[in-house]
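Remarks on the structure that follows.
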């Protein structure tokens, strides 16, 4: 079997084209990221951020993509500001999300990927976000009790006039769509 | 002389956080700050665009920045998520000519161009640094004496780090609360994440994170939490009932925007600050503050 030209760590390091590459190889495995992460602290991640960096460096692509860690990152950037080696760990989690969407490799029970795609489609169509459309992407994956609770919260917001009825849209929508097509040359769904 | 800024309200302030918009407009007006809304602004991308495509995420931010540049003003965002996205987009586009050229080609479809002349600011920072705490103190008509407030910074107003500022122990939110006569409490988890969009994508983790924050705020002796971000507000306030039913707790801590509290202290009536649209009733707490602030 021939070695791929680009290692997994190289792919992930360079998935940050705006901010340059991310020096994952300088990680000293101190665990500050894991100790500081509020989601890892609650035991909700299958692998801690420290372990994910270690797995990427060991070229364990399948194990890394199968972890729920990066889709459970809330982007709070606490790890990023505390990393003694200057690794932008939260941006690395974004890079992993993009990679997993691109490869279509992520846990099937995750809500994050579908939610993200619906969100983007909503923006592409109207230029602004609209909560009721987004709700349809996750509500049906909830258990019955959770769904009832979510409906109660939504009703409360509606009674207080805090739920949008009509989807908002920007005025120069045609220009906006042409602008998007310059970046992502595909038709909207 | 009044200061003027290009105002980027963001999607949440259109409806879910309408009271943030209303109180931001009222409070800034009372402080001689003019917010001129960017016409036809689009969604900043929240935390979600970056999950799919980084280039598209920066392009959507760049369109807003380019429109602010046409107004020849700095951008002010009241939402911490919008602030972080617009700030990072401006930083990367300013430092990467290739990226800027690429995105400008797309912006040309809407007859716009990004050059980087408008800075990006958070509304809280504008009040603290541009208006200034001394000036705010001078204008307070009804100090919120006796109101114990947990100042909640959340994440993206502080992180990622913008420059060399102290991201571990900021004091400006506490100082602002003191300036309006309230008493900021020692809220240990004030910089901890509200769980953001995890309330949708990982409910179990999110509710436990919200519970920890509410617990820390209550333990600090606070009777109210002040926020500077619509997502923090919704997560901490609107999900309190779900936290209570999930964990058997009994939280009923009202959560207001800092603009609402500053507005009350400036003597603006409650209704004009959007007070009354909360799911956790704030009236009992306000009745005990500064002789019934903003009645």
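Rule-based calculations on the coordinates, nothing more; no lab input. Note that the coordinates shown come from a computational prediction; the quantities given were computed from them, not determined experimentally. Using ideal geometry, Cβ is built from the backbone for each residue, glycine included, and neighbour counts are taken over all protein chains shown.
What shape does region B:1-71 have by the C-alpha gyration tensor, where a ≥ b ≥ c are the square roots of the eigenvalues, rounded means a/c under 1.5, and otherwise prolate means a/b greater than b/c and oblate the rest?
oblate
On average, how many beta carbons from a partner chain sit within 10 Å of the beta carbon of a residue in B:6-16?
3
With springs only between Cα atoms under 10 Å, which of A:153, A:122, A:32 fluctuates most in a Gaussian network model of chain A?
Looking only at A:153, A:122, A:32, the largest GNM fluctuation is found for A:153.
Peptide A:161-167: average number of partner chain Cβ atoms within 10 Å per residue?
4
If r is the Cβ-Cβ distance from residue A:26 to residue B:113 and R0 is 30 Å, what FRET efficiency results, to the nearest 0.05?
Computed FRET efficiency for residue A:26 and residue B:113 comes out at 0.20.
Taking Cα atoms, how many degrees apart are the long axis of helix A:112-126 and the longest axis of chain A, rounded to 10 and kept between 0 and 90?
50 degrees
Going by alpha carbons, how many degrees (0 to 90, nearest 10) lie between the helix axis of B:54-70 and the longest principal axis of chain B?
Between helix and principal axis, roughly 90 degrees.
Using a Gaussian network for chain B with springs between C-alpha atoms less than 10 Å apart, which of these wobbles most: B:152, B:20, B:58?
Result: B:58 has the largest fluctuation of those listed.
Return the calculated 222 nm mean residue ellipticity for chain B, to the nearest 500 deg cm²/dmol, obtained by summing -39500 (n - 2.57) across DSSP H runs with n ≥ 4 and dividing by the residue count.
After summing the helix terms and dividing by residue count, I get -11500 deg cm²/dmol.
Just round it to a whole percent: the fraction of Cα-Cα distances in region B:148-295 exceeding 18 Å.
In whole percent, the long-distance tail amounts to 55.
Checking the a/c ratio against 1.5 first, then a/b against b/c, what shape does the Cα gyration tensor give for region A:129-183?
Since a/c reaches 1.5 but b/c is at least a/b, the shape of region A:129-183 is classed as oblate.
GNM on chain A, C-alpha springs below 10 Å: top fluctuator among A:117, A:91, A:13?
Taking springs between Cα atoms under 10 Å, the residue moving most is A:117.
I'd like the Kirkwood hydrodynamic radius of chain A, using the inverse of the mean 1/r over distinct C-alpha pairs, in Å.
Kirkwood hydrodynamic radius for chain A: 19.0 Å.
For region A:21-125, what's the radius of gyration and Dmax over Cα atoms, in angstrom?
Every Cα atom of region A:21-125 included, Rg and Dmax give 13.7, 45 Å.
Based on the Kirkwood radius over alpha-carbon pairs, what value in µm²/s does the Stokes-Einstein equation return for the translational diffusion coefficient of region B:202-245 at 37 °C and 0.692 mPa s?
The diffusion coefficient I find is 305 µm²/s.
Quick one: angle between helix B:18-30 and the longest Cα principal axis of chain B, in degrees between 0 and 90, rounded to 10, please.
In chain B, helix B:18-30 runs at an angle near 90 degrees to the longest axis.
What Rg and what Dmax come out for chain B when only alpha-carbon atoms are used, in angstroms?
Here Rg and the maximum Cα pair distance are 19.0, 58 Å.
Inverting the mean 1/r over all pairs of different Cα atoms, compute the Kirkwood radius of the protein assembly as shown and quote it in Å.
Hydrodynamic radius (Kirkwood, Cα pairs) of the protein assembly as shown is 23.0 Å.
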